[in-house]
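The values are calculated or read from the model by the stated rules, or taken from the named source; none is laboratory data. Not measured: the values here are computed from a predicted model. Reconstructed Cβ throughout: ideal geometry from the backbone, glycine too, with neighbour counts over all protein chains shown.
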Amino acid sequence: MPSPDRYRNTLWIALAAWIGATAILTWLSYGDAARRIIASSYPQLGRSAPPPAPIAHSAPDMTSLAAEAAPPPVQQRLNAMSLDLEAVRRSVDRILIAQEQITRDVDQLMAGQEQITRDAAQLTAGQEQITRDAAQLTASQEQMTREITKLQAVEQQILQKNSERAPRPAPALARNAVPRSLLAPMVR
């Protein structure tokens, strides 16, 4: 996106060209009177102008001479062009302000997009970490399953060895055995 300075410079060049075109049109409209004024004021430039008529006026009168030489419609057009130039300048200023606002808005959007990109990268890294943790958990669970299976196999072996041994006879009841009914009140 071009910088606002580039637009500003382009607009100033366009404004200078507009002013130059206005000056040329003014020169063409007031050419003869302007040549006489220049020839009388600067004799070294007199070669390009027709021989000056003797003018015995002061400097303020020279401008009035140019104003008298200009027909009123031309003056009206110049005034209208002057107003148009002012309106163009205000429009250019408004455009520059709007362009600067757009540039700030675009910069804010770009910053927001960069933040979203960073957040997405962090989420992706978090997901990768969760995937690694889940893989480790699965591996640990498989290891525990193998260990439990081994323990169950060892338990089965022990139970088989114990069952292969001969069972012992139950101990005989003592002759002076006290009936349970008599023991019950003593427990209370």
_If I go through region 104-132 residue by residue, how many of them are farther than 30 Å from SER3 by Cα and not small (Gly, Ala, Ser)?_
9
*Does any residue in region 77-104 that is in contact (Cβ under 8 Å) with a residue 40 or more places away in the chain and under 18 Å from THR10 (Cα atoms) come within less than 9 Å, Cβ to Cβ, of a residue that is among the hydroxyl-bearing types (Ser, Thr, Tyr) and loosely packed, with under 13 Cβ neighbours inside 10 Å six or more places away or on a different chain, and which pairs are these?*
THR103/SER3
*Name the pairs whose Cβ atoms lie under 8 Å apart, with the first residue in region 144-162 and at positive phi and surrounded by 10 or more Cβ atoms within 10 Å (Cβ to Cβ), the second of a type outside the set (S, T, N, Q) and modelled with pLDDT under 90, and 6 or more positions between them or separate chains?*
none
